[in-house]
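Undergrad: Would you mind keeping the following structure in view while I ask a few things?
Throughout, read-outs are computed from the coordinates displayed, never taken from laboratory work. Source: prediction; values computed, not measured. Every residue, glycine as well, gets a Cβ built from its backbone with ideal geometry; the counts of neighbours run over all protein chains shown.
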Amino acid sequence: MTARTPDITLPEVVTYDGLPSSAHSLRVKRPDDAFQRLQTFLEACTEPVSLPSWTFEIYKGGPSEPTAQLSSFATELFGGPRYKAQTHTEWNVPPGSVNEALDALVGCDAVTTHGRSVAALTYSAPVRLIDPNTRAPYPDITPDAFGRFAVDGYGRRLGESGIRATLGNAASSLSLWLNLPADERLSSGARHLQDHLPFRLSAKHWRLWRPTRSGDSYRSNKIPSPIHLHNS
């Protein structure tokens with residue numbers, strides 16, 4: 001018996017996986033400067049899918065006095081924490097309070113016993129990437145276009161990019177899950193992203209996703225970085 005040919009063949013897509021272990025430094029110490037770098041990247045390269053979430057996090061292991069001051073600040077401004085763990089406590093931050101949270105981080109120079117930020121403001125959002133040739137989101141890079149294929153158990157799907165920025169009082173970083181078209185638009189799209197980031201995208205984290213023979217799932221293989229392909 002011959003296998004049934006699927007009615008619809010799923011398309012290919014290229015991803016860059018810098019989330020979560022490959023977070024890249026925003027290469028500024030002040031969190032307000034890191035915020036500006038984040039905004040520049042978001043405005044040039046993405047369109048939001050939904051409203052972002054903001055959280056304020058205070059980590060264990062910092063000096064007691066500044067930690068207590070930050071905790072009092074967060075409780076007064078945001079209310080009770082949404083989550084407590086052995087490693088940190090976090091609060092939801094309304095969009096209108098982001099600047100006040102940044103100001104609190106700028107005014108704190110305390111670090112943990114490991115020299116890391118004692119507090120951070122975290123931004124997280126699903127986004128669509130902008131095609132630099134049309135200045136609009138890629139119309140064919142959506143979760144529905146790829147059968148809403150789940151990449152892992154953390155909610156990531158092919159066709160939907162995600163951004164997570166951690167703006168700390170001592171250092172800031174950016175984690176990326178990027179989805180780009182696997183055709184002639186790939187190289188220019190990848191270069192556009194690189195041109196608006198303060199760090200070099202790793203050559204090791206690019207993957208091409210192809211539909212399986214059955215046509216209803218995906219498999220992936222590592223590919224070279226597309227950033228420098230077909231340079232003129």
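Undergrad: Report the far tail of the P(r) of the chain, meaning the percent of Cα-Cα pairs longer than 23 Å.
TA: On the way: 14194 of 26796 pairs.
Pairs farther apart than 23 Å: 53 percent.
Undergrad: Which FRET efficiency value, to the nearest 0.05, is calculated for residue 43 and residue 210 with the Förster distance at 30 angstrom and r the Cβ-Cβ distance? Provide the component values of the computation, followed by the final result.
TA: On the way: r = 33 Å, r/R0 = 1.08.
Once the sixth-power term is evaluated, E becomes 0.40.
Undergrad: Of 191, 164, 213, which is the most mobile in a GNM of the chain whose springs link Cα atoms less than 10 angstrom apart?
TA: Result for the chain, Cα springs under 10 Å: 213 fluctuates most.
Undergrad: Using only Cα atoms and rounding to the nearest 10 degrees, what angle (0 to 90) does helix 31-45 make with the longest principal axis of the chain?
TA: 20 degrees
Undergrad: Please give, to one decimal in nm, the separation of the simple spin-label points placed at residue 60 and residue 106, each 7 Å out from Cα toward the Cβ.
TA: Here the modelled spin labels are 3.2 nm apart.
Undergrad: For the stretch 24-81, rounded, prolate or oblate, judged on the Cα gyration tensor with a ≥ b ≥ c (square roots of eigenvalues), a/c < 1.5 rounded, else prolate if a/b > b/c?
TA: Since a/c reaches 1.5 but b/c is at least a/b, the shape of the stretch 24-81 is classed as oblate.
Undergrad: Loop-only check: which chymotrypsin sites (Phe, Trp or Tyr not before Pro) in the stretch 106-174 are DSSP coil with at most 12 other Cβ within 10 angstrom? Intermediate values should be presented prior to the final figure.
TA: Values: sites: 123, 146, 149, 154; in loops: 149, 154.
Those satisfying the criteria are 154.
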